[in-house]
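Notes to accompany the following structure.
The values are calculated or read from the model by the stated rules, or taken from the named source; none is laboratory data. It should be emphasised that the depicted structure is a prediction, and the values quoted were computed from it without experimental measurement. Glycine gets a Cβ as well: all are built from the backbone with ideal geometry, and neighbour counts include every protein chain shown.
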C-alpha cells in the first residue's frame, strides 16, 4: 500500500513569514513529486513539480526533495493571506495514478 | 492556456437516479483521470483512461462506469445514485510520460 503522509494542520503563520509544509512517502521507488494548492470548494491547482534530489525554486515557492529520507517539502516565502489553502502532496510511483496525501491546511494570519 | 473543461458544474439528482459527467481534457493530453472528493477529504482516484482504453481502476463503485471517446473527452456515468455519492467530482488530464495532472474545475453533485 503506497502511502503519502502529511500533517493535517492547521498550520498558522503570520503574514510575511515562511510557511514550511512537509510530506513523507512510503514507496522508495517513487519518481515524481507534486504540490497542489486547493482552496475550499475549488479544484487542486498544480504549483510545483520536483523530480530529483535538491531544491527547486519558483517565485515564492521552493520544493525540496530528499529521496534517501523519502521526504519532500514546500516552502512558501513571504506568506500572504491569499496563500491560505489546503496543500496536497502527490507522488507518482510508476504504473499507478498519483497518490495524494490528505493535505495540510495553511492559514496565513494578516 | 486552455484548461480542463467539466460539465455540468453543478448537478442535483434524486436517489436512484442516474447522472452523466463530462470532461474535456487539455488539447493534446491523452490521459484522463476521474476523482471523487468528499467534504474534508483528499481526492480519491476512481478510474483513468489512456488513448481511449481504461488504464487504471481505483475505488470506483460498480454502479459507476466511464469511457473515453475518440476526441479524448471522457464521461463518467453514475447509476442508482445514493446520498453518499454527493461530492465534488474532478477530472484531470495529462500527457503520457509526464505525470503532472491538471485538474478541471469539478462537478458538484448533490444527491437528495
Exactly one of A:78, A:58 is modelled with pLDDT of 95 or more, within 14 Å of another protein chain (Cβ to nearest Cβ) and surrounded by fewer than 17 Cβ atoms within 10 Å (Cβ to Cβ), and that residue is A:58
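Considering only the range A:83-96, how many residues are facing chain B (nearest Cβ under 10 Å) and either at positive phi or not in a strand (DSSP E or B) (or both)?
Within the range A:83-96, the subset facing chain B (nearest Cβ under 10 Å) is A:86, A:88-96.
In the following step, the residues that additionally are either at positive phi or not in a strand (DSSP E or B) (or both) were identified as A:93-96.
Number of matching residues: 4.
Within the group B:79, B:70, B:59, B:48, which residue is buried (at least 16 other Cβ atoms within 10 Å of the Cβ) and either over 19 Å from residue A:4 (Cβ atoms) or in contact with a strand residue (DSSP E or B) (Cβ under 9 Å, 6 or more places away or on another chain) (or both)?
Values: B:79 fails: buried (at least 16 other Cβ atoms within 10 Å of the Cβ); B:70 fails: buried (at least 16 other Cβ atoms within 10 Å of the Cβ); B:59 fails: buried (at least 16 other Cβ atoms within 10 Å of the Cβ).
B:48 is the lone residue from the list that is buried (at least 16 other Cβ atoms within 10 Å of the Cβ) and either over 19 Å from residue A:4 (Cβ atoms) or in contact with a strand residue (DSSP E or B) (Cβ under 9 Å, 6 or more places away or on another chain) (or both).
Does residue B:29 satisfy being under 26 Å from residue A:51 (Cα atoms), within 12 Å of chain A (Cβ to nearest Cβ) and at pLDDT below 95? Step through it out loud before you land on a result.
Values: under 26 Å from residue A:51 (Cα atoms): yes; within 12 Å of chain A (Cβ to nearest Cβ): no; at pLDDT below 95: yes.
So residue B:29 does not fit the description; no.
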Go through the range A:47-96 and give me each residue that's within 22 Å of residue A:26 (Cα to Cα) and out of contact with any strand residue (DSSP E or B) (no Cβ under 6 Å at 6 or more places or on another chain). A:52, A:54, A:66, A:67, A:68, A:69, A:93, A:94, A:95, A:96
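Here's a check for you: in the range B:88-112, which residue that is assigned to a strand (DSSP E or B) and touching a helix residue (DSSP H, G or I) at 6+ places or on another chain (Cβ under 9 Å) is nearest to the other protein chains (Cβ to nearest Cβ)?
The first filter runs over the range B:88-112 and keeps only residues assigned to a strand (DSSP E or B), leaving B:88-94, B:102-103, B:107-111.
Remaining after also requiring touching a helix residue (DSSP H, G or I) at 6+ places or on another chain (Cβ under 9 Å): B:109, B:111.
Numbers: B:109: 13, B:111: 18 Å.
For the range B:88-112, the residue satisfying everything is B:109.
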Here is a check on your reading of the model: is residue B:40 touching a residue at least 60 places away in the same chain (Cβ under 8 Å) and at the interface with chain A (Cβ under 10 Å from one of its Cβ atoms)? no
Suppose we keep only residues that are more than 12 Å from residue A:90 (Cα to Cα) and assigned to a strand (DSSP E or B) within the range A:13-44. Which one would you say is farthest from the chain's Cα centre (by Cα)? A:14
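Tell me, please, whether a residue that is in contact with a helix residue (DSSP H, G or I) (Cβ under 9 Å, 6 or more places away or on another chain) and within 20 Å of residue B:4 (Cα to Cα) can be found in the range B:36-44. Talk me through it step by step, then tell me what you get.
To start, the set of residues in the range B:36-44 that are in contact with a helix residue (DSSP H, G or I) (Cβ under 9 Å, 6 or more places away or on another chain) comprises B:36, B:38.
Of the ones still in play, those that are also within 20 Å of residue B:4 (Cα to Cα) are B:36.
Yes.
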Of all the residues that make up the range B:82-101, how many are surrounded by fewer than 20 Cβ atoms within 10 Å (Cβ to Cβ), at pLDDT 95 or above and closer than 18 Å to residue B:24 by Cβ? 1
I'd like the full set of residues that are farther than 20 Å from residue B:59 by Cβ, more than 10 Å from chain B (Cβ to nearest Cβ) and surrounded by fewer than 16 Cβ atoms within 10 Å (Cβ to Cβ), limited to the range A:21-49. A:28, A:29, A:39
If I filter the range A:1-12 down to residues being surrounded by fewer than 19 Cβ atoms within 10 Å (Cβ to Cβ) and assigned to a strand (DSSP E or B), which single residue comes out as farthest from the other protein chains (Cβ to nearest Cβ)? A:12
Scan the range A:97-110 and tell me whether some residue there is surrounded by 18 or more Cβ atoms within 10 Å (Cβ to Cβ), touching a strand residue (DSSP E or B) at 6+ places or on another chain (Cβ under 6 Å), at positive phi and part of a loop (DSSP other than H, G, I, E, B). yes
